[in-house]
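The values are calculated or read from the model by the stated rules, or taken from the named source; none is laboratory data. Every value quoted in this text rests on a predicted model; they were computed, and no experiment measured them. Positions of Cβ are generated from backbone atoms using ideal geometry, with glycine treated the same way; all protein chains shown enter the neighbour counts. The protein model used for the area step is the full one, side chains on, heavy atoms only, and it has no ligands, DNA or RNA in it. Shrake-Rupley method; radii C 1.70, N 1.55, O 1.52, S 1.80 Å.
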Amino acid sequence: MKSKNDGMVSMENQFEENNRIVAERKEKLKKIKESYGELYPNKYKPSARAKTIIDEYDSIDRDDLEKKRICVSLAGRVILKRNQGKTTFCVLKDSTEKIQLYLNRDVLGQEKYSLQKFIDLGDLVFCSGSLFKTMRGELTLNCDEIEILAKALQPFPEKFRGLQDPDLRYRNRHIDLSVNDETKRIFFQRSSIINRVREFMNNDGFLEVETPMLHPIPGGANAKPFITKHNALDQEMYLRVAPELYLKRLLVGGFEKVYELNRSFRNEGISVRHNPEFTMLEFYAAYQNYEWCMNFTEDLLNDVLAYVVGRKELVWDGHKIDMGVPFERLSFEEAIHKYIPSLGKSSLETKDEIIAILKSYGLTENINTDTISKEVLTVHLFEGLVEEKIIQPTFIMNHPIDISPLARKSEKNPSIAERFELYIGGKEIANGFSELNDPQEQSTRMRAQARQKDSGDDEAMYFDEDYIKALEFGMPPAAGCGIGIDRLTMFITNSHSIREVVLFPALKRK
């Protein structure tokens, strides 16, 4: 029977073993200095990358390759090493691929070959030589030069099988990227997503802009901000929760199509879907409405998916998602009836009926049912029962005006806004609407938000007098949308935590 202290003893042994390895490697570093002089040199430049070499030469016959005598130089990390007498085989991994190295004492000479005994797994090395194929047909570099560029004093995971514990991976992303190819693939794809978004927007005539990250008044979203202080101005400042109010000022200024790939910050909970700092695309187009915005958003996402993945369908969490068909468009009530058919079509007609359903599912905690409208209660019902069930791309339309303080009121129903949210794989990916450009109505709605804030709602908006004055100069009718780049990347890469797609996610300090 295992003792409850076994785990602690194991951790202590691991710590001691790690210290022993570090001490040994530091001793090797001293000997390298004594025998070879320079440590951490910066004069060796690789002529090629492993993948390029493999793609170009791996198909060449073994005898033909030897006749050609192709000379290249490489740099990367040693991930495997084995000695066979006066010969050493290593595997080098650079940013693109892995390739085998062949170190032979007769080729390198005794002095250069002696360096191999100081090489440990994880060391960064430079090597040059000629390509050949082993008897087994493996493309290999026969090295005539080898240099240690940077010694890995800390040991990497054994045999480069990778970190398995998610928390250790997120806290040590430098190791995670070095040893886990899947992690690196995700961030290559993230970069491709952002590049394609930018290209799509530019090609459609949008102007990329930059707006402040430090705001005197936080606005553009219902969210709790991070607060800091500007010493020279002697005033509180807030990290941006959204760039919306600044981007719409640019519409007032005469730009008709603007977008920003922005970093925003919200001082709220952390979960598999939420990180306190995140990346969004926000765009605004004059003389458009939310119907156009839904069509444009659909076209944009289809283009990105086709470019990054090569097709318009993929598998997410075991579900086949087809982005190539028109996205479904539903109201909150329609979505609830579709995904919870047992409720019946007549069960959402009154506020009391909705409250009864919320209570039956235990969804009334932290909800003041006396002061919230029937429409907002319907949203709570949707979020509690339906949201995670929406797998195929679906626009949920016509949000209550009470929770859409910046959106234009519907001409058909003054209690709802011309607003949509896009859901894919059970997650909100985008949020857009026809913009409210009436300064008097905007002032009224912002004052209502300010009263909610005074009543204790940390996420309610501030009253922004400067923004109201900007609207008074006249903002054209417009539509705008925000798309979460992190969540879009989660969807495209089949990742189930936002921490998988953010290089350095926020974590509690140990």
(request) Kindly indicate the residue of the range 35-51 that is part of a helix (DSSP H, G or I) and open to solvent by less than 80 Å² (accessible area, probe 1.4 Å) and also nearest to Leu141 (Cα to Cα) among those meeting that condition. (result) Ala50
(request) Scan the range 354-366 for residues that are crowded, with 16+ Cβ neighbours inside 10 Å and part of a helix (DSSP H, G or I) and jot them down. (result) Ile354, Ile355, Ile357, Leu358
(message) Against the definition (within 15 Å of Val197 (Cβ to Cβ), among the small types (Gly, Ala, Ser) and either open to solvent by less than 10 Å² (accessible area, probe 1.4 Å) or touching an Asp or Glu at 6+ places or on another chain (Cβ under 8 Å) (or both)), how does Gly484 come out, yes or no?
(response) yes
(request) Collect the residues in the range 166-190 that are open to solvent by 70 Å² or more (accessible area, probe 1.4 Å) and of a type in the set (D, E, K, R), keeping them in residue-number order. (result) Arg171, Asp181, Glu182, Arg185
(message) Need a quick list: helices (runs of 4 or more DSSP H) entirely within the range 156-265 having at least 1 residues that are among the aromatic types (Phe, Trp, Tyr) and closer than 24 Å to Ala470 by Cα.
(response) 244-252
(message) For Glu472, only one of the following conditions fails: (1) of a type in the set (D, E, K, R); (2) modelled with pLDDT under 95; (3) touching a helix residue (DSSP H, G or I) at 6+ places or on another chain (Cβ under 9 Å). What is its number?
(response) (2)
(request) For Asp123, work out the one condition from (1) in contact with a Ser or Thr (Cβ under 9 Å, 6 or more places away or on another chain); (2) open to solvent by less than 50 Å² (accessible area, probe 1.4 Å) it doesn't fulfil. (result) (1)
(request) For Val272, indicate whether it is part of a loop (DSSP other than H, G, I, E, B), of a type in the set (Val, Ile, Thr) and touching a Lys or Arg at 6+ places or on another chain (Cβ under 7 Å). (result) no
(request) Kindly indicate the residue of the range 279-313 that is of a type outside the set (Ser, Thr, Tyr) and in contact with an Asp or Glu (Cβ under 6 Å, 6 or more places away or on another chain) and also farthest from Asn262 (Cα to Cα) among those meeting that condition. (result) Glu313
(message) Here is a check on your reading of the model: is Gly205 open to solvent by 20 Å² or more (accessible area, probe 1.4 Å), in contact with a strand residue (DSSP E or B) (Cβ under 7 Å, 6 or more places away or on another chain), over 30 Å from Asp61 (Cα atoms) and not basic (Lys, Arg)?
(response) yes
(request) Please find, among Ser271, Ser264, the residue that is more than 20 Å from Ile396 (Cβ to Cβ), of a type in the set (Gly, Ala, Ser), modelled with pLDDT of 95 or more and under 24 Å from the mean Cα position of the chain (by Cα). (result) Ser264
(request) Go through the residues of the range 466-477 one by one and say whether even a single one is farther than 18 Å from Tyr284 by Cβ and free of Cβ contacts under 8 Å to residues at least 40 places away in the same chain. (result) yes
(message) Being within 27 Å of Ile175 (Cβ to Cβ), more than 36 Å from the chain's Cα centre (by Cα) and surrounded by 13 or more Cβ atoms within 10 Å (Cβ to Cβ) is true for just one of Ile32, Ile70. Which residue is that?
(response) Ile32
(request) Scan the range 402-443 for residues that are among the polar types (S, T, N, Q) and within 21 Å of Ala223 (Cβ to Cβ) and report the count. (result) 4
(request) Tell me which residues, restricted to the range 126-149, are open to solvent by 10 Å² or more (accessible area, probe 1.4 Å), of a type in the set (Gly, Ala, Ser) and touching a helix residue (DSSP H, G or I) at 6+ places or on another chain (Cβ under 9 Å). (result) Ser130, Gly137
(request) Residues being farther than 29 Å from Pro393 by Cβ and in contact with a Cys (Cβ under 9 Å, 6 or more places away or on another chain): count how many of those fall in the range 431-487. (result) 0
(request) Please work out which one of (1) within 30 Å of Ala285 (Cβ to Cβ); (2) open to solvent by 30 Å² or more (accessible area, probe 1.4 Å); (3) among the β-branched types (Val, Ile, Thr) is the condition Ile193 fails and give its number. (result) (2)
(message) Considering only residues that are over 14 Å from Glu147 (Cα atoms), touching a helix residue (DSSP H, G or I) at 6+ places or on another chain (Cβ under 8 Å) and surrounded by 17 or more Cβ atoms within 10 Å (Cβ to Cβ), which ones fall in the range 90-103?
(response) Lys93, Asp94, Lys98, Ile99
(request) Scan the range 367-393 residue by residue and report those that are in contact with a strand residue (DSSP E or B) (Cβ under 9 Å, 6 or more places away or on another chain), open to solvent by 70 Å² or more (accessible area, probe 1.4 Å) and either part of a helix (DSSP H, G or I) or among the aromatic types (Phe, Trp, Tyr) (or both). (result) Glu388
